[in-house]
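Just below is one structure, and these are the notes that go with it.
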Amino acid sequence: MATSQRTYTQSFPIQNEQCDLSRIAAMKRYWHAFDDIHARQASGMKPLWGMVEDSRMFNIDNRFHFREPYQFHLYQQLLPPPLLAEINQLWGTTMHIRWPERVLSEPFPHMLLAETFGPALKFWHGCALTAWFYCEGPSFRTDLAGLEAYLRKEVQALKEMGTPINEQLFDKLIKAEAQLGKPQSFLKNPEESGTATTFTKSYRTRRDGFGVLRDIISSYRRQWAEQYLDQYLDQRRELELSGARHAYDLYIGTQVTLPEAKKFVKAVVKATNHWFGGNINELCTAIQKEAPFQSQYCAILPANKLLFASMVFTKLSELKSSSMKEINKRNSSDTPVAKNNAEREFYQLNKLVVLSFWYVQLEEALGYRPTLQNFGIGKFSQERTVLHTDINKAWSLFARAIEDAKKATSIKISTSQHTESHSSKQMPSITPVPSTTPSPAKASPVLRRAPETIQQASESISAKSPVVPPPAIKLDSAAVSKLQEESEKLLMRLLIEEETEQQPLHPMGISDPVVVSPDVTDSESVPLNEATSELVSLDATASIAEIDEDWKNILQQWQPEHWEMILLLYQEQYAQLITVERKAHRPVSRLIDEINLPVDEQLGDLLVDPDTRLISQHLHATVSILVNWYLSSQSR
């Protein structure tokens, strides 16, 4: 195989429902491995937080990994290799609503698998993790008496599906608490970071008796699986396919137009990614409808994603700005300034690694290497300083690092594939095309019975290079209703006429955290009802109806810790942010990134400035609506 970059294009043939049924079979195999691993967990082992992926990051450098019990990509160590390969194959591709005719590479297939599995996996994994951290420490979010309330959303979801959790589980766990040992405080052992050993005075609390809780949970988990697992997985699939049938009849019916097809795509993106690897053709075949688009797969992302991420990190580290290197030289590695600079540099480089997958996905979608305007100036400018103060020079270094990493990864993969040629028989037949820039017009969606003007508009849209997106619309309570009325007209105009902008593609699919993790209980934390009592009085009648569809999608992806961060930032209580950091076991900078992530994806904007930690001024009115709606919903 040549070491130069190649682009592979494949038009997917129509297939039967065996495609999505194979995912159910794989999920059953995954469940049995998941169950066995949890049943064998014992005191003295490392925690299983990380076996179910809930973080779209790569732990390239372990310098700061000791700060939290989360283990990145733990499933790589615990799951059998054949199952890992099957998951990568079945959930390794995705569809983005901006380019439904393109099947794109999915950087985090285990995240997509966990989302496909849904509340059952989230409940049982969260239940086991809570028992572990309650006994083994270092801290926990809830005691055993509060476990049912803590997992109430998952409990209710499973009950509504007709696959309920046996409530005797919670009673037995509460009774078993009396059999546990007394809490014991002990000093955390020194942790190694690279070649150096870091000595920290970190006290943990643990108690004997985890095996008692583990056996109770394992027993009820296996009873539930024996009675409901098959029904649950079949129902998960059928519910999403039923929703897809309804969306097709609602938006498309017998006549396809591009605006209606786009609405259909937005409604079925989850079903397409969960059960059909992002291939909308196969989804339509399963619901016995004619597909509005012909899917193509242009695979550019290397198969070994961890290796690619590592290569990008290495290349970026080599290219990082000379000014940053000079700062590191002037400051001793033991000083607080040097440590802060090193930590900031580390997080910036890791964010750029994640963004490198975005870059490659854009290349797969557009058919050519993306420009800075394609990519989104706002996104890149936040992390560019680690490479260069000049954004154009930083972009050049960023793109160079990615291209070098693709070539280096291609060489390593081609060498290993040469000795394992039999594995290629399991992959779909693909036709290589030259790496020269293909015509973007060829990637345009093919609509059945579509008017010629729409097809021409679609081709013109794909063929034109995008420009910098305009500033985000300022929203306030008075303008929201007007914006909602105008949104449909705006969408029609943008889709039918020639577009003047390209929305940046998020590389990480659908963001939906799936693991319930333990939390730190901190007596210094200010309860939400006390810290925000003044806010409640401002406008407790705020309604979700006042929020447009983009913000509704954003709200679905924020977790309680994100809301607590937003409330504190809105009140300018910056000193309290550390309490959220302790409880969430994630630094404030990462929590801010998680808050910004769905906003960035939906609106191409940032809610919180990562550097100043201030809410963006032009979104302040919107945040006021969101905060008051959230507080109103909590009080109901």
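Just a few scattered comments:
- The stretch 71-131 shape via C-alpha gyration tensor axes, a/c threshold 1.5: oblate
- Rounded if a/c under 1.5, otherwise prolate or oblate - the stretch 580-636, Cα gyration tensor axes: oblate
- If the segment from residue 392 to residue 571 were pulled out straight at 0.36 nm per residue, it would be longer than the present Cα-Cα gap by 60.8 nm.
- In range of the label at residue 208: residues from the stretch 127-143 whose backbone nitrogen is under 19 Å from the point 7 Å along Cα→Cβ: 132-137
- Pairs of lysines in the stretch 75-194 (C-alpha under 21 Å apart; 8 or more residues apart or interchain): 6
- Computed lengthening from residue 549 to residue 45, 0.36 nm per intervening residue step minus Cα-Cα distance: 177.0 nm
- Highest-first packing order for the peptide set 572-578, 50-56, 124-130 is 124-130, 50-56, 572-578, based on the mean count of other beta carbon atoms within 10 Å.
- Long-range HN-HN contacts of residue 299 with modeled amide H, under 5 Å: 8
- Each label was represented as a point 7 Å from its Cα along the Cα-to-Cβ direction; for residue 238 and residue 175 these points are 3.6 nm apart.
FYI, it's all coordinate maths here, none of it is from the lab. Fair warning: this is a prediction, and the values are worked out from it, not measured in the lab. No Cβ is skipped: glycine too gets one built from the backbone with ideal geometry, and neighbour counts run over all protein chains shown.
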